[in-house]
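Everything on this sheet refers to the single structure shown next.
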Amino acid sequence: MKLKLNYSRENIGKPILSDIILRTGIPINILEAKIEPNTGEMLIDVPTEGERLKEFSSLLQRAGVTVKEITRTIEIDRGKCITCGACVSPCPVKALAQDENWDIIFYEEKCIGCGICVYTCPVNAIRML
Amino acid sequence: MSKRGAEELRTYEEINQKIKSGDAIVMTADDFIKTVEDSGLKRAAKEVDVVTTGTFGAMCSSGAFINFGHSEPPIKMFKCWLNDVPAYKGLAAVDCYLGATAMSETKGFDYGGGHVIEDLVSGKEIELRAEAYGTDCYPRRSIETTVTIDDLNQAMLLNPRNAYERYNAATNGTDRIIHTYMGTLLPHYGNVTYSGSGQLSPLYKDRGFEIIGIGTRIFLGGGIGCVIGEGTQHSPQNQFGTIMVRGDLKQMNNRYLRGATYYKYGTTLYVGIGIPIPIINEKVAASAALKDEEIFTDILDYGVPSRSRPSVKRASYSELRSGRVEINGREITSSSLSSNKVAKEIATNLKGWIEEGAFFLNRPAELVPDHGEFKPLELRRKEPRVRDIMTRELVVGKPTDDIKSVARILIAKGVDHLPIADGEGKLMGIITSWDLAKAVAQDKRQLHEIMTMKVVTAKEDEAIDTVVRRMEQHNISGVPVVDHSNRILGMLTVNDISKKLIRRP
């Protein structure tokens with residue numbers, strides 16, 4: 001499950017994430033991080049689900065971090081799509097591909113929501129959710 | 001050797017007779033390739049009358065001639081805009097040319113001439129605005145109204161360069177993401193993009209230019225158009241042949257004509273083109289039977305902002321279309337910018353038209369030349385280079401220098417950048433006044449603790465614009481100028497450029 005974390009001014013400077021990783025033993029993957037002097041935003045992939053995921057999230061929330069589960073990232077408007085493939089190779093995680101008819105396939109579970117495909121699409125057929 | 005265009009196997013008249021009687025054997029290039037594999041070239045050439053092709057890609061050298069009709073009182077439009085996109089008005093009173101890459105003066109990159117053409121073809125209302133200076137015969141000075149394609153007398157697609165035989169593929173060897181007319185290119189050869197439909201490519205299927213020429217009837221944007229002649233930059237000797245085409249926008253269809261935007265590059269038009277290849281001789285048949293595996297192109301490094309970009313690898317369309325290309329032992333994802341799906345659809349539609357007797361072939365008035373000029377533009381006036389603008393009085397630091405003394409030097413000399421060199425004068429790093437402020441805040445004492453090691457540099461003979469673009473990309477205001485062994489020769493800063501290059505009144 002991918003989680004979007006928002007750090008406020010109060011919890012910046014504390015090793016919150018490392019503490020929770022050590023405590024739960026869940027090896028997370030940081031997909032994107034933007035740390036500003038006053039705020040922080042992070043997209044992480046937590047390779048677990050169910051109770052373990054719930055525990056991980058609640059530990060973060062208890063430490064004052066806002067947690068949002070990311071299930072849907074982008075949407076392709078098939079009516080607008082011209083099946084060119086311009087979005088496919090720039091995708092850094094291979095979440096976009098083409099089938100044998102050259103139609104675009106989207107693997108939601110791989111997507112990290114970086115948005116490269118959104119601006120790369122020449123006909124504006126992809127939008128961020 | 002027989003003359004180009006020799007009708008040895010069949011004449012145009014014979015083909016059209018067979019189309020009329022419903023007996024013509026028509027195949028898409030994909031199917032023709034299979035037929036040749038099964039029964040051999042000679043037999044296939046004897047059996048098949050016409051091979052159809054298709055491509056659907058971004059073609060920037062496209063646009064439309066439009067005639068609006070005369071208003072009452074009439075106007076000699078001096079400037080005009082369609083949905084805020086400026087059209088060329090150096091023509092008669094109410095004629096204009098709307099280019100695909102012209103961009104909206106209000107929406108910029110998001111909307112351009114290509115989009116206006118798509119909207120016209122879709123039947124949408126377009127805002128027309130025009131200005132004039134007023135003459136005795138044309139007193140009106142302005143117009144603000146809306147038009148649809150039905151209101152226009154003529155809306156003629158006329159594209160000076162379309163349907164490249166094949167095109168270079170693109171990758172990016174730099175360490176940053178770049179946005180080009182070849183799409184988004186990830187750093188460190190992160191991906192490869194390509195364009196063109198390979199074995200379906202209209203011009204590659206007539207490689208010797210035996211059948212394409214002035215007047216050749218073609219599928220254009222969903223309607224029937226024709227070839228006017230060779231396109232600009234036509235260079236068939238390098239397999240970069242192009243054609244100039246025209247067609248009536250009123251017949252066209254927005255599935256095969258789409259406005260598009262390449263991020264941070266600009267607007268363009270996706271154009272659908274299909275050319276029927278009459279199998280008039282065996283040379284034509286051999287060319288129509290070429291497979292993706294036999295059609296090669298160079299993968300160029302678009303990270304090099306020069307007209308001569310280095311080739312990283314030569315690859316076939318079959319490798320490019322497989323979705324994976326090997327570069328330096330690594331497997332890189334490749335994807336197309338033109339639509340392989342729509343290309344196929346166009347070839348299939350064209351085949352359908354011919355089989356139904358709705359499309360006939362014709363002998364061109366004159367074949368497209370099999371040789372073309374493709375010269376670079378040599379600049380005659382002397383342009384300032386880095387060496388003409390850079391500061392040579394160097395203030396250079398050593399890695400072991402003390403931060404406080406360096407700060408004093410920067411203030412005394414009035415500079416913001418301090419390159420750090422080793423004993424031989426070779427560049428090791430750079431310090432800016434911002435780094436110094438940070439050092440004071442973090443209580444660092446020596447230069448090597450705070451200097452940037454990965455330095456963006458310039459060479460003496462580079463053009464100023466190239467270096468300015470590099471500084472913009474890295475969001476910096478100065479670069480050390482180094483020679484080929486990385487020895488520091490000077491500094492070039494934004495300050496130098498504004499002082500020495502931009503003349504003040």
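The chymotrypsin sites (Phe, Trp or Tyr not before Pro) of the range A:48-129 that meet both conditions, a loop assignment by DSSP and at most 12 other Cβ atoms within 10 Å of the site Cβ, are A:Tyr107. With Cα atoms defining each centre, the range B:420-454 and the range B:211-283 are spaced 56 Å apart in the structure. Once the gyration tensor of the Cα atoms in chain B is diagonalised, the equivalent ellipsoid follows with semi-axes of 52, 32, 18 Å, ordered largest first.
Non-local lysine pairs in chain A, meaning eight or more places apart or on different chains, with alpha-carbon distances under 12 Å, amount to 6.
Grab the other residues whose beta carbon is less than 12 angstrom from that of B:Thr11, score K and R as +1, D and E as -1, and report the net. Numbers along the way, then the final one.
Numbers: positive: B:Arg10, B:Lys18, B:Arg363; negative: B:Glu7, B:Glu8, B:Glu13, B:Glu14, B:Asp49.
Net charge around B:Thr11: -2.
With respect to chain A, whose longest principal axis is taken over its alpha-carbon atoms, helix A:50-62 is tilted by about 60°. Computed from Cα atoms, the angle from the helix B:340-355 axis to the main principal axis of chain B rounds to 20 degrees. Residues B:Tyr302, B:Tyr138, B:Tyr164, ranked from the fewest to the most other C-beta atoms within 10 Å, line up as B:Tyr138, B:Tyr302, B:Tyr164. If the reach is capped at under 20 angstrom between alpha carbons, list the lysines near B:Lys426, excluding any in the same chain fewer than eight residues apart. Partners within reach: B:Lys398, B:Lys454, B:Lys459.
Can you give the extra length, in nm with one decimal, that the chain gains between B:Lys444 and B:Asp151 once fully stretched, where that is 0.36 nm per residue apart less the Cα-Cα distance? Can you show the working numbers first?
On the way: separation 293, 0.36 × 293 = 105.48 nm, distance 7.24 nm.
Contour length minus the Cα-Cα distance gives 98.2 nm.
Taking Cβ separations below 4.7 Å as the criterion for a possible disulfide partner, the isolated cysteines in chain A are A:Cys81, A:Cys84, A:Cys91, A:Cys111, A:Cys114, A:Cys121. The string of couplings for the range B:392-408 from the Karplus curve (6.51, -1.76, 1.60, θ = phi - 60°) is 9, 6, 8, 10, 10, x, 10, x, 8, 4, 7, 4, 5, 5, 5, 4, 5 Hz, one whole number per residue in order, with x for Gly and Pro. In loop segments of the range A:50-129 as defined by DSSP, the trypsin sites (Lys or Arg not before Pro) with at most 11 further C-beta atoms inside 10 Å of their C-beta are A:Arg72, A:Arg78. Of the trypsin sites (Lys or Arg not before Pro) found in the range B:425-480, those that fall in a DSSP loop while having at most 16 other beta-carbon atoms within 10 Å are B:Lys444, B:Arg445, B:Lys454, B:Lys459.
Taking a straight Cα-Cα cut-off under 20 Å and skipping sequence neighbours fewer than 8 places away in the same chain, the aspartates and glutamates within cross-link reach of B:Lys438 are A:Glu36, B:Asp401, B:Asp402, B:Asp416, B:Glu449. The angle between the Cα long axis of helix B:464-474 and the main principal axis of chain B comes to about 80°, on a 0 to 90 degree scale. With contacts taken as Cα pairs under 8 Å and at least 6 residues apart, chain A reaches a relative contact order of 25 percent.
Coordinate-derived values only; no laboratory data. Bear in mind the structure is a predicted one, so any value in this text is a computation, not a measurement. Note that we place each Cβ from the backbone using ideal geometry, even for glycine, and neighbour counts take in every protein chain shown.
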